[in-house]
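Asks: Once you've had a glance at the structure underneath, I'll fire off some questions.
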Amino acid sequence: MASAQCDRKPQPGDLIEISRGAYEHWAVYVGDGYVVHLAPSSEVAGAGINSMMSVLLDSAIVRKEELWKVVGDNPYTINNLLDDKYQPRPVFLIVRDALKLVDKEVSYCIFSRNCEHFATQLRYGKPESRQVRQVGETIVVGTVLTVGVFGIAALVTALLGSNKDKHKQ
């Protein structure tokens, strides 16, 4: 992740990834120093997103704000993460569609309609979230490991228990 200032100037249609510590916030650069992004519906314009409050809500407001206000003191980078997988939509469509959504309330779900889904939908026409996929993979791997550990423990317990029974006879 870059420092609080990105090493190159964003271009209209670029995805901006902002590190918030526990998660990444996503926005679409629309030019002239502005981004369009999802913000909690309870938040006022210009406040940026500095809390995880949005995960508790089922709707969000599409905001157009200055990049530096949304970023705050957090590190950010330009991250067109799916360019190798999908052809980006034409820039004028990305910007036009982003601006048409400003001030609209949209449904929000951390697993299927979060800020990363919003940004990738605008750039690629496909809503994807690497964060959700990574969390899902972590949960699956953790579950498999947990089941595996408990399965081995149960097997060892059963084997040791049957050995004790043999010794008692």
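Asks: Only one of Ala39, Ala22 is part of a strand (DSSP E or B), at pLDDT below 95 and within 18 Å of Ser129 (Cβ to Cβ); which?
Replies: Residue meeting the stated conditions: Ala39.
Asks: What's the number of the condition Gln87 fails, among (1) of a type in the set (S, T, N, Q); (2) in a helix (DSSP H, G or I); (3) more than 21 Å from Arg20 (Cα to Cα)?
Replies: Single failed check for Gln87: (2).
Asks: Among the listed residues Leu81, Leu93, Leu159, which satisfies the condition of being surrounded by 15 or more Cβ atoms within 10 Å (Cβ to Cβ), out of contact with any Cys (no Cβ under 7 Å at 6 or more places or on another chain) and modelled with pLDDT of 65 or more?
Replies: Going through Leu81, Leu93, Leu159 in turn, the sole match is Leu81.
Asks: Does Phe111 qualify as being touching a helix residue (DSSP H, G or I) at 6+ places or on another chain (Cβ under 7 Å), aromatic (Phe, Trp, Tyr) and modelled with pLDDT of 65 or more?
Replies: yes
Asks: Looking at Ala27, is it surrounded by 14 or more Cβ atoms within 10 Å (Cβ to Cβ), outside the structural domain of Gln121 (by TED's automatic domain parsing) and either part of a strand (DSSP E or B) or modelled with pLDDT under 95 (or both)?
Replies: When the stated conditions are applied, Ala27 does not pass them.
The values are calculated or read from the model by the stated rules, or taken from the named source; none is laboratory data. Fair warning: this is a prediction, and the values are worked out from it, not measured in the lab. Don't worry about glycine lacking a Cβ; one is built from the backbone with ideal geometry, like all the others, and counts go over all protein chains shown.
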